[in-house]
Amino acid sequence: MPIPKPTAYPDDWSYTDFDNPSVVLIMWLCLIFSAGTVGIGAVQWIRLQSLFPAGIVAMALPFTISDTASVLVICRLLPIHTNELFRTMVPCVGLWQLTALSCVRFKVFHRSRLAPYYPPRFSNALIVIVYFMGVAGTAGILYSYILQMNLPLFPPSPLRKGIILFLSVFCVTIDLIIAFLTLRIVWRVRKKAMASTSATATPGGGSEETNGSRIISRSILASLNNAGGGNASSVLLDPASAVTELWGDSLRARGLQAKQSRAAHARRMHVRRVSALAFVLLGFMLTGLFTGAFVFLQSTTLLEDSLAAMSIRMYAMMTVLQWMLVTHLFAK
């Protein structure tokens, strides 16, 4: 049954809408965020020579293609009608690829016995579900456009908007749960590591004076136990020299201990800073995501739609940066 042609398109966009300075700025920012994410993935891919950074490039590339198409519309090099497909469908592909990458990355914690609740069978099933929902959602969006092919322009579609919203909520919910679990694991592991480092820096939890006295006592006992040897003779014949040497050993030991203590403190402060930055990124992810979703639901202009699109690009970049921070924490 053919769809009746509507008499008006209240939300149709023209080149005049794309000429709005605010829209131009936001679209260029979208391109900067998406291309920056591709660049981050490419640098990591070259440096690490692993498949996961290649997945980051594959995830961010659809966003870059979509944003490049929008900039081409601004430059009058691409028709608005053609750009609609890039603007709506391509970012959805990048979104569910982002969630699939999060599921793949979290497998590392199961291999390290830090996430026993995430066995391979469960993780593989979750990845399959994400890909199925992503492909089905993208096909549904494409179908909504096919239904409107007989129209001169693509009017707003409740079906299309509902699929985009459902797919976004589904993917982002999984991604945020994995992000929280990742930070929780990292925080617990690093806390134990820092406690172990602190205990190693000050054996037995005693003060430096006490530990120095123990070193002197052990040195004296070692010298006296060598009865008839050269060390014992030096202790008996030249006590002042022996005491000076022992105190020198004590001071050197205390200096080494202080150096270890400072190094342990520096490591703890480094972990606190990086962990705090990871939580700040998570805060930006949440704020931008929920703000973008609210704007998307209320959007009636190209400016509001572009703001919602920019929130997704920012979310993708913040997620990748958080992955890098977590890897940095485990590498140090």
Count, please, the residues in the stretch 287-307 that happen to be over 24 Å from residue 182 (Cα atoms), open to solvent by 80 Å² or more (accessible area, probe 1.4 Å) and not polar (S, T, N, Q). 2
Quick one: would you say residue 61 is in contact (Cβ under 8 Å) with a residue 24 or more places away in the chain and open to solvent by less than 30 Å² (accessible area, probe 1.4 Å)? no
Any hit, the stretch 31-52, residues being within 20 Å of residue 142 (Cβ to Cβ) and within 24 Å of the chain's Cα centre (by Cα): no
Pick from 60, 54: which is in contact with a Ser or Thr (Cβ under 8 Å, 6 or more places away or on another chain), within 30 Å of residue 183 (Cα to Cα) and either part of a helix (DSSP H, G or I) or not polar (S, T, N, Q) (or both)? 60
Sort out which residues of the stretch 261-281 are surrounded by 17 or more Cβ atoms within 10 Å (Cβ to Cβ) and of a type in the set (Gly, Ala, Ser), and write them in order of number. 264, 275, 278
Determine whether residue 199 is loosely packed, with under 14 Cβ neighbours inside 10 Å and at pLDDT 85 or above. no
Against the definition (within 24 Å of residue 292 (Cβ to Cβ) and among the hydroxyl-bearing types (Ser, Thr, Tyr)), how does residue 37 come out, yes or no? yes
Residue 112, sole failed condition from (1) open to solvent by 60 Å² or more (accessible area, probe 1.4 Å); (2) under 27 Å from residue 23 (Cα atoms); (3) small (Gly, Ala, Ser): (2)
Taking the stretch 92-129 and keeping only residues that are among the aliphatic types (A, V, I, L, M) and farther than 21 Å from residue 309 by Cα, one is left with 104, 108, 114, 115, 125, 126, 127, 128, 129
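Considering every residue within the stretch 115-134, establish whether at least one is of a type in the set (S, T, N, Q), free of Cβ contacts under 8 Å to residues at least 24 places away in the same chain, open to solvent by 30 Å² or more (accessible area, probe 1.4 Å) and closer than 19 Å to residue 325 by Cα. Walk me through it before giving the result.
The initial filter retains those residues of the stretch 115-134 that are of a type in the set (S, T, N, Q), namely 123-124.
From the residues that got through so far, the ones that are free of Cβ contacts under 8 Å to residues at least 24 places away in the same chain too are 123-124.
Adding the requirement that they be open to solvent by 30 Å² or more (accessible area, probe 1.4 Å) leaves 124.
Pick out the ones that are also closer than 19 Å to residue 325 by Cα and you get none.
The answer is no; no qualifying residue exists.
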Criterion first (modelled with pLDDT of 85 or more, crowded, with 18+ Cβ neighbours inside 10 Å and within 23 Å of residue 175 (Cα to Cα)) does residue 52 satisfy it? no
Search the stretch 164-188 for residues that are of a type in the set (Val, Ile, Thr) and pair each with any residue that is not in a helix (DSSP H, G or I) when their beta-carbon atoms are under 7 Å apart and the residues are at least 6 apart or on different chains. 178/106; 182/106; 185/114; 185/115
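From the list 189, 169, 130, which residue is within 23 Å of the chain's Cα centre (by Cα), part of a helix (DSSP H, G or I) and within 21 Å of residue 299 (Cα to Cα)?
Values: 189 fails: within 21 Å of residue 299 (Cα to Cα); 130 fails: within 21 Å of residue 299 (Cα to Cα).
Only one candidate qualifies: 169.
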How many residues does the stretch 75-112 hold that are charged (D, E, K, R) and within 21 Å of the chain's Cα centre (by Cα)? 3
Restrict the check to the stretch 86-109 and report whether at least one residue is out of contact with any Gly (no Cβ under 9 Å at 6 or more places or on another chain), of a type in the set (A, V, I, L, M) and closer than 18 Å to residue 303 by Cα. no
Hey, residue 100 modelled with pLDDT of 90 or more, crowded, with 17+ Cβ neighbours inside 10 Å, not basic (Lys, Arg) and not in a loop (DSSP other than H, G, I, E, B) or not: yes
Of the conditions (1) modelled with pLDDT of 60 or more; (2) exposed (fewer than 15 other Cβ atoms within 10 Å of the Cβ), residue 284 clears all except one; give me its number. (2)
Single condition residue 5 does not satisfy, out of (1) open to solvent by less than 40 Å² (accessible area, probe 1.4 Å); (2) modelled with pLDDT under 90: (1)
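The values are calculated or read from the model by the stated rules, or taken from the named source; none is laboratory data. It should be emphasised that the depicted structure is a prediction, and the values quoted were computed from it without experimental measurement. Note: ideal-geometry Cβ built from the backbone for every residue, glycine included; neighbour counts use all protein chains shown. Ligands, DNA and RNA are excluded from the accessible area calculation, which covers all protein heavy atoms including side chains. Shrake-Rupley method; radii C 1.70, N 1.55, O 1.52, S 1.80 Å.
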